[in-house]
Amino acid sequence: MKLRAPTVHFTCKLNELEIVVKALLSRLQEGGGVILLKGDLAAGKTTLVQRVAAYLELEDAVTSPTFSIQQCYGDTLFHYDIYNQGLEHFMALGLLEELEREGYHFIEWGSETLYHILKAAHIPVIMVEIDKANVARQYRIIDDA
């Protein structure tokens, strides 16, 4: 099933990511929500999370949680990667319950299936699709708020 929701587009270089961060955070409810990140390898998923952490003035070093599945930064930023283990493993570990915690939950390699599961559970969720475009990136922020 394809997502049908309002979409905001940005094309920017890495040093211009603050506009994407502000637009993304402004679409979430106060206290956070879930942000699913879709994009090829090296598209900039972790870089976007790094910029959100900097914007939130968190001093933790943000790295990809590829092998740990989950990284926590402060009390407000949570970062997941489901590439290696898949959605079923993520759910089997009970990590869906983690997403109900207040804060910003970024999930790399998110899918439309997970998007619809979260919507059905009334968990605020936004999808960000990232594509490489020469020296810039294209960001599509999709939600239905």
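Hey, among Ile141, Ile35, which residue is within 24 Å of Val8 (Cα to Cα), crowded, with 21+ Cβ neighbours inside 10 Å and modelled with pLDDT of 90 or more? Unique residue meeting the criteria: Ile35. Residues that are out of contact with any helix residue (DSSP H, G or I) (no Cβ under 9 Å at 6 or more places or on another chain), of a type in the set (S, T, N, Q) and in contact (Cβ under 8 Å) with a residue 24 or more places away in the chain within segment 40-58 comprise just one, Thr46. In summary, strands (runs of 3 or more DSSP E) completely within segment 1-78 and bearing 2 or more residues that are among the hydrophobic types (A, V, I, L, M, F, W, C) and touching a His at 6+ places or on another chain (Cβ under 9 Å) occur at 32-39. Specify the residue that is farthest from the chain's Cα centre (by Cα); the eligible residues are those in segment 96-114 that are crowded, with 16+ Cβ neighbours inside 10 Å and small (Gly, Ala, Ser). Across segment 96-114, the extreme among qualifying residues is Gly103.
Just one of (1) touching a strand residue (DSSP E or B) at 6+ places or on another chain (Cβ under 8 Å); (2) touching a residue at least 24 places away in the same chain (Cβ under 8 Å); (3) more than 28 Å from Val135 (Cβ to Cβ) fails for Cys72. It is (2).
Residues checked against (1) crowded, with 16+ Cβ neighbours inside 10 Å; (2) at pLDDT 95 or above; (3) over 21 Å from Lys119 (Cα atoms):
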{"residue": "Cys12", "(1), (2), (3)": "no, no, yes"}
{"residue": "Glu30", "(1), (2), (3)": "no, no, no"}
{"residue": "Glu59", "(1), (2), (3)": "no, no, yes"}
{"residue": "Val62", "(1), (2), (3)": "yes, no, yes"}
{"residue": "Tyr73", "(1), (2), (3)": "yes, no, yes"}
{"residue": "Asp81", "(1), (2), (3)": "yes, no, no"}
{"residue": "Glu88", "(1), (2), (3)": "no, no, no"}
{"residue": "Met91", "(1), (2), (3)": "no, no, no"}
{"residue": "Gly94", "(1), (2), (3)": "no, no, no"}
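The values are calculated or read from the model by the stated rules, or taken from the named source; none is laboratory data. Keep in mind it's a predicted model, so treat the numbers as computed, not measured. When we count neighbours, we look across all protein chains shown, and the Cβ atoms used for this are built from the backbone with ideal geometry, even at glycine.
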